1. Of all residues in segment 470-494, which are surrounded by 22 or more Cβ atoms within 10 Å (Cβ to Cβ) and without any contact (Cβ under 8 Å) to a residue 24 or more places away in the chain?
2. Filtering segment 16-40 down to residues that are of a type in the set (D, E, K, R) and at pLDDT 85 or above, which residue is nearest to residue 61 (Cα to Cα)?
3. Step by step: first the residues of segment 520-530, then only those that are surrounded by fewer than 20 Cβ atoms within 10 Å (Cβ to Cβ) and touching a residue at least 12 places away in the same chain (Cβ under 8 Å), then the one that is nearest to residue 79 (Cα to Cα). Which residue is that?
4. Can you give me the number of residues within segment 54-103 that are of a type in the set (S, T, N, Q), surrounded by fewer than 18 Cβ atoms within 10 Å (Cβ to Cβ), closer than 30 Å to residue 150 by Cβ and out of contact with any helix residue (DSSP H, G or I) (no Cβ under 7 Å at 6 or more places or on another chain)?
5. Considering only segment 582-599, I want to know if a residue exists there that is more than 31 Å from the chain's Cα centre (by Cα), more than 25 Å from residue 480 (Cβ to Cβ), buried (at least 19 other Cβ atoms within 10 Å of the Cβ) and β-branched (Val, Ile, Thr).
6. Collect the residues in segment 87-104 that are within 19 Å of residue 239 (Cβ to Cβ) and out of contact with any Ser or Thr (no Cβ under 9 Å at 6 or more places or on another chain), keeping them in residue-number order.
7. For segment 68-97, how many residues are among the polar types (S, T, N, Q), under 15 Å from residue 526 (Cβ atoms) and assigned to a loop (DSSP other than H, G, I, E, B)?
Amino acid sequence: MEQTLLGGRYQVIRRLGSGGFSRTFLVSDIHLPNHPKCVIKQLKLQDKDTGTLDMARRLFDTEARVLYQLGNHPQIPTLLAHFEESQEFYLAQEYIEGSRLNRQIEEGKPWSETRVVLLLQEVLEILAFVHRQQVIHRDVKPSNLIRRHRDGKIVLIDFGAVKQVTSSPLVDAETGATNLTVAIGTHGYMPNEQYAGKPRFSSDVYAVGMMGIRALTGVHPQNIDEDPVTCELAWHQHAPSVSSALAEVLDKMVCYDFRDRYPTAQEALEALQNLPSVLSEPLTQLYQTWYKGTGELVPSPSSPPGQAVLVPAETSELTAIAADQEATSLFPVDLVYSGNGSNGTGAIVPIQSSAIEVAAVPAKKAWLQQKPLVWGCALGLVTALIAVWQSGLTVAFEPNSQRVTAFTPVSMPPLAANLGQLLPPQEKAVFLAEQGDQLLAQGRFPDALTTFDDAIKAKTDYAPAYLGRCRTLIGLKRPSEAIAACEDALVYRNYFPEAVRSKGNAEEQQGRLQAALALYEETNRLMPALSQGWIDRGRVLQKLGRSAEALEAINQAIALNRESAEAWTTRGEAAWTLERYDQAIIAYDKALQLDPNYEPARRLRQEARNNLGR
């Protein structure tokens, strides 16, 4: 198999892993410049009779569409393609370089409350998006979470157990339970209703809570007993110093009865955000930058204090391979400020890291006796802290008192070099494209265009940079150039609904409404959960005088997102054209409730009232 091009374009580099139902390969896409890496997951069928194949084909296509939809989130791997070959089914997914969280949550090594809260918040934010797409993951656990090297963010992977909640008879309309008869998940992270084959959104909440308890206690879920009377987990004894506020949230997340849990990830996230001030201050993690070296080496977890010993990287993890020889890895670090401690140094030192273990600062006398190299390391650490702060990451400190104090950049010396300019080409392109997106959101179109051009210079096949360039050119009223940029984006990423939609925006800006409509219809087909695509379609249909069809498209958009003033305004226009005047006024009022300053809604409502004499 290693000698064959999968799907006619994917060259296998090596096999990564194998499970009961799938095999996974690291591959390169030879159809694209520079042959970028991605991951191919091959789904194995035990029975290949005609009926089984037809059913598998339908289910595979449905699941692939769900994964396309979910991959729109920056912390979920993008599904690049799906295809069938020789009665085998394949998924091509984004290559994520990072380390799995099970490498960081170790048995017998409890995390601090701050670090646990940070983890739970980040995972729940991703799951809240997943649940809004009416999807249950069903297998949230540390090994399905990757700490991405390039920015230190958590990425949720392995949607092989994904279940889409629909309005079909397979879903109980009252309870929201699915009627699946097969239990899919991992022992220790599965609640009882999931064992029964009836997962709910709160089943994912349970798994996240169990992960938090495992990190907080250092005890694997399978080793935590249940109360014989209530069946609730008796985990408090393993974390006797946990704050009552955090314990209460975790208890509710892992209740035995799903009706007593937070119903979705969003409610659990809000509960964490409402914790007392000692835990609820704005927190993010600090990431130290380490050069990974060559020959697939990474910093060893057992490195001596003050050193980063390089060891061979693990290469057996699915979609998490430390293979690039010149990548910059970013690892989370808990810090303690020891200015009032016995050592009297006032130094800020890392006390724990997922990639390195650094000892606490020694006593003052021993510290002063160290070689000048140690002082150089300390100075380098401070410089790194400043660089990371200026790159836009926030630093959180956790002193011995357990209080959280934000690190503020007071009297910090300016750095001559921008941290982003020091990154390898791939990560530099990502860094610059993200900066361009921020400038674009601020309406700073010339600056955004320059930044996206710099990202393209760093990596000429980076599709999101071309998309950003397209959107910026639309903002500058240069639609012909925008279309060319969107076409470039589609050359370098064969599945890119956002680029198709933006190309439609540029065609619409040129007044080519039929061409724009065709592109919006293609966007709806590729990503039916993208509400803005339906809004665009409805807007153009209304311009074309096809108001009944426009209303249908806008209703689709509003079903996906009821918070769009543009959608309600377009709905009002279509209703007015169809002489449904009261519905039009209601739609305009709703738009202005959402955005009192939305000028189109304000103008059209006034015109409607004038015409009706109200």
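The values are calculated or read from the model by the stated rules, or taken from the named source; none is laboratory data. If you're wondering where the values come from, they're calculated on a predicted model, not measured in any experiment. Here Cβ is always computed from backbone atoms with ideal geometry, including for glycine, and neighbour counts include all displayed protein chains.
1. Hits for segment 470-494 are 485, 486.
2. 29
3. 526
4. Residues meeting the conditions: 1.
5. yes
6. none
7. Residues flagged as among the polar types (S, T, N, Q), under 15 Å from residue 526 (Cβ atoms) and assigned to a loop (DSSP other than H, G, I, E, B) within segment 68-97 amount to 2.
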